[in-house]
Structures are given as C-alpha cells and as structure tokens.
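The values are calculated or read from the model by the stated rules, or taken from the named source; none is laboratory data. Because the structure is predicted, anything quoted here is derived from the model rather than measured. Here the Cβ positions follow ideal geometry from the backbone for every residue, glycine too, while neighbour counts run over all protein chains shown. Keep in mind that these areas ignore ligands, DNA and RNA; they rest on the heavy atoms of the full protein, side chains included. Shrake-Rupley method; radii C 1.70, N 1.55, O 1.52, S 1.80 Å.
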Amino acid sequence: VFSCLPAVTSPCKILKCNSEFWAATSGSHHLGAEEAPEFCTALRAYAHCTRRTARTCRGDLAYHSAVHGIDDLMVQHNCSKDGPTSQPRLRTLPPGDSQERSDSPEICHYEKSFHKHSAAPNYTHCGLFGDPHLRTFTDTFQTCKVQGAWPLIDNNYLNVQVTNTPVLPGSSATATSKLTIIFKSFQECVDQKVYQAEMDELPAAFVDGSKNGGDKHGANSLKITEKVSGQHIEIQAKYIGTTIVVRQVGRYLTFAVRMPEEVVNAVEDRDSQGLYLCLRGCPANQQIDFQAVRSAQATEGRARRKGPSLPAPPEAFTYETATAKCREKLPVEDLYFQSCVFDLLTTGDVNFMLAAYYAFEDVKMLHSNKDKLHLYERTRVLSPGNAAPTGTHPTLWVALLCLCWLCLL
C-alpha cells in the first residue's frame with residue numbers, strides 16, 4: 001500500500017476537494033428526503049473536483065479512497081451523476097440530532113471488550129516531530145534523516161505513513177510534510193477510513209468527508225475532533241484503545257499516539273516489520289548523533305568568539321541564543337530541549353522550538369508512565385563493528401576491564 005504513495009509532496013489537490021465537500025455538507029451525511037437534492041448536488045461537485053485533479057493524483061491513496069467514497073454515497077442517496085454541481089451549504093444538524101451512535105456494541109470499546117475481567121491494558125506512546133526526532137513505543141529517542149515516505153506504524157488495525165522533505169534546498173535537515181493514516185475496517189465497528197494531512201492542510205475530517213467510522217453500528221468508536229482550526233486535531237479510535245494527535249506547527253506536521261501494547265504488537269509477521277519506525281526505530285544508517293553535532297556547534301561557537309576572523313554562521317541562531325530560546329518553553333534540559341537547540345541551529349526556524357514544546361505536551365497527555373516523561377540519554381543503534389556510544393562514561397569501561405581481569409585471575 002505504501003509503495004503507491006508519492007515520496008515527495010505532489011501537486012495532487014484532493015485535500016482541497018475533500019475540504020470543499022465537507023464545507024458544503026456541514027457534516028450531514030444522514031439527510032432527510034427534503035435535503036437529498038442539495039446533497040446530491042454537493043456530491044456531483046465533489047466528483048467534478050476529483051476529476052479535475054485525477055491526472056496528478058493517480059498514485060495518491062487518498063484520491064482513490066475519495067473516488068470510491070463518492071460512488072458509494074451516490075448509490076446510498078440515489079443520486080444521479082448528471083445535474084447541477086453548484087455547492088449550496090446545507091443547514092447544520094440541530095443540537096442532539098447527530099449521526100453519532102451512543103449504543104455502540106461492547107466489542108467497539110477496547111477496554112470493555114478485551115479487558116473486562118483483567119487488569120487495565122498497558123499503554124505505550126510514540127511521537128515524531130521536528131527534524132525529525134522519533135520517540136518509539138519502547139521510549140528510545142532518535143534523530144533521523146528518513147527523507148521521503150516511511151511507515152511509522154504498520155499493524156493489523158492501522159497504518160501510518162509519513163513523508164519527510166528537506167527543510168532548506170540542499171540541507172540534510174528534513175521535516176514531516178505529509179501524513180497518511182489508514183484505519184482498517186473492523187468487525188461491526190468501523191469501515192475503512194483514511195485520514196491525510198500535509199503542509200497547510202490539516203483537515204478535520206477523513207478523506208471521504210466523514211468525521212466518524214462510517215455506517216456501521218459502532219461508527220462512533222472512531223471520530224475526529226478539531227481542537228484548533230488548521231493547527232491541532234485529535235482522533236479517538238476507542239475500538240482499539242488508541243488516541244492520535246496531529247498538529248501543524250509552522251509549515252510542518254507533528255504526530256503523537258497512545259496505543260495499547262496488544263495493538264502495537266498485533267502484526268502478522270514481526271520479523272518483517274523492520275521499517276515500522278515506532279516499533280523498531282530508524283535504521284542505523286538513517287540516524288543522526290545530534291548530541292555530537294550539538295557539541296561541535298558549541299565548540300565552534302566558542303572558537304568564533306575567540307577568533308573574530310571566522311565567518312559568521314548561515315543560520316539565525318548561535319548555540320547560546322538557541323539554548324536561551326529553547327529554555328523559554330522547555331526549562332528541563334532533557335532530549336526534547338536538546339532537540340529544540342539542534343533544530344534551531346540547523347534550520348533557524350523558531351517554529352521548531354514550538355514543535356518540540358508541543359511534542360512534550362503531547363507526551364504529558366498521552367504517556368501512561370509519568371516517571372518516563374523526560375528522557376536524557378539518546379538511543380542509537382550501532383552498526384556492526386562500531387565502537388561504544390559516545391555518551392558512555394570512561395569509568396564504566398574501567399570497571400568492565402577490572403571485572404574481566406578478576407575473571408581471568
């Protein structure tokens with residue numbers, strides 16, 4: 001599925017079509033007979049919009065999902081494909097008249113269905129933000145290159161793919177410019193739903209214009225809530241006990257998820273999940289030792305002060321000003337703080353400070369173990385033959401050598 005998605009930001013305008021349709025229908029998909037003509041008009045306009053962008057969207061999963069969704073809605077509402085295509089804005093449903101169902105079956109509530117007679121599930125967290133920085137489900141923390149399209153989550157219930165693009169032309173710094181989430185059809189709870197966001201487009205609906213899990217009895221066990229228009233949405237998938245937070249900070253996207261371990265590990269073949277970044281982390285050849293880079297930048301900054309003949313850095317921040325800026329929002333000098341400093345030095349964009357700040361705010365909301373909110377030791381998978389991590393303290397090696405010597409005696 002992921003191979004069908006473009007690895008770079010494409011000219012496909014399907015999100016614009018989705019937004020126009022959603023604005024025209026005001027979230028109403030279960031309409032009375034008197035509103036059917038207006039709804040059909042909006043559907044035809046939606047179909048016309050998708051046809052206009054068909055050539056540039058041929059490889060886009062969200063486009064194909066929208067096309068199939070339109071066909072289904074045409075049949076459901078007995079709409080003719082011929083007719084007016086202007087987009088009247090339908091009236092909003094009155095309070096209390098909602099498509100959401102409160103009588104969802106128990107199977108569509110994870111904690112009730114799977115853990116009725118046992119302890120509460122163990123929840124885990126994964127987040128991606130900034131340059132990008134990855135916190136995995138096992139609380140390892142990495143800074144990665146991962147340019148292009150990469151699977152962030154890939155299990156039996158959902159797939160998440162991110163696309164990372166260079167922040168500046170010729171720069172090795174990348175950030176998330178596109179995000180696609182596929183919720184797979186699940187029993188009587190939800191139909192398959194696709195959510196897609198990209199730079200300057202953070203929709204408050206799935207690509208078919210809906211805001212819940214569709215027409216199944218437990219549809220309300222999956223729903224999207226817009227927290228801040230164009231900046232912050234939250235997706236609750238109660239049938240798998242999962243909460244997803246997507247933000248747009250500046251031009252780029254951040255992602256955070258809270259998910260039960262049982263769902264995290266629900267994969268057909270665990271050995272084949274080498275690129276499931278939230279589970280496995282980034283490949284060793286895609287990881288960046290940002291602490292070593294940060295140390296070099298700090299040393300260079302001190303040398304520059306002693307030798308004024310050195311050229312000025314191209315970025316807007318020095319090590320000292322970046323540190324002071326990050327401390328405004330992140331007073332604890334953990335890896336979120338260090339990531340902030342690294343990103344300001346690399347990009348010169350103050351929005352990356354806000355990305356680190358909101359990433360930590362999401363950790364505070366989503367992580368089940370409040371003792372693990374702050375991380376201080378970077379995690380880097382060493383390739384074969386590599387020496388010890390740069391952060392290893394020399395006294396540890398002395399102790400190990402002494403222990404080996406005692407064993408020989």
request  = Scan the range 76-92 and report the pairs whose first residue is assigned to a loop (DSSP other than H, G, I, E, B) and whose second residue is surrounded by 11 or more Cβ atoms within 10 Å (Cβ to Cβ) and modelled with pLDDT under 50, with Cβ atoms within less than 7 Å and a gap of 6+ or a chain change.
outcome  = Leu90/Ser28
ask   = How many residues are in contact with a helix residue (DSSP H, G or I) (Cβ under 8 Å, 6 or more places away or on another chain) and open to solvent by 10 Å² or more (accessible area, probe 1.4 Å) when one looks only at the range 354-363?
value = 4
Checking Tyr239 against (1) in contact with a helix residue (DSSP H, G or I) (Cβ under 6 Å, 6 or more places away or on another chain); (2) in a strand (DSSP E or B); (3) aromatic (Phe, Trp, Tyr), the condition it does not meet = (2)
request  = Determine which single condition Thr85 fails, assuming it passes every other condition in (1) open to solvent by less than 90 Å² (accessible area, probe 1.4 Å); (2) assigned by the TED database to the domain that holds Lys216; (3) at pLDDT below 75.
outcome  = (2)
ask   = Among the residues of the range 156-170, how many are under 16 Å from Tyr252 (Cα atoms) and in contact (Cβ under 8 Å) with a residue 12 or more places away in the chain?
value = 8
